[in-house]
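The values are calculated or read from the model by the stated rules, or taken from the named source; none is laboratory data. Only a predicted model underlies this, so the values are computations on that prediction, with no experimental measurement involved. Because the Cβ atoms are built from the backbone with ideal geometry, glycine has one as well, and the counts that use them run over all protein chains shown. For the accessible areas, the whole protein counts, side chains as well, though only heavy atoms, and no ligand, DNA or RNA atoms are used. Shrake-Rupley method; radii C 1.70, N 1.55, O 1.52, S 1.80 Å.
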Amino acid sequence: MPATTYAVAGMSCGHCKATLTEAIGGLDGVSGVDVDLGTGRVTVTSAAEPDDAAIAETVDEAGYELTGRV
C-alpha cells in the first residue's frame, strides 16, 4: 500500500494528533495515518493514490493547514 507524506502546519499536541488521525482516517480508501508532531508531517497509507484535495479539505476543516507533499 502506498504511503504519502504531507507537511501540516499548526499541530502541537496530542489532541492535534488524535484529531487528524481520526479525521483523515475516516476518508475513503485510507488505511492508516501517522502524525509526527516533531516534524509536522502526516503520513497517509491508502489502497490507491490519495486524493490530495480531499485530504487538504479535511485537514483545513480540522483547523490545520496542509502546506504540501513532502
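Residue pairs, Cβ under 8 Å, 6 or more apart or interchain, first in the stretch 1-22 and farther than 19 Å from Glu57 by Cβ and surrounded by 14 or more Cβ atoms within 10 Å (Cβ to Cβ), second of a type in the set (A, V, I, L, M) and at pLDDT 95 or above. List them. Qualifying pairs under 8 Å: Lys17/Met11; Lys17/Val35; Lys17/Leu37.
Among the residues of the stretch 23-54, the ones that are open to solvent by 50 Å² or more (accessible area, probe 1.4 Å) and part of a helix (DSSP H, G or I) come to 2 in all. Selection of the stretch 3-45 for residues being modelled with pLDDT of 95 or more and at positive phi yields Gly10, Gly40.
Out of the stretch 55-70, which residues are within 21 Å of Met1 (Cβ to Cβ) and either open to solvent by 90 Å² or more (accessible area, probe 1.4 Å) or in contact with a Lys or Arg (Cβ under 9 Å, 6 or more places away or on another chain) (or both)? The answer is Arg69, Val70.
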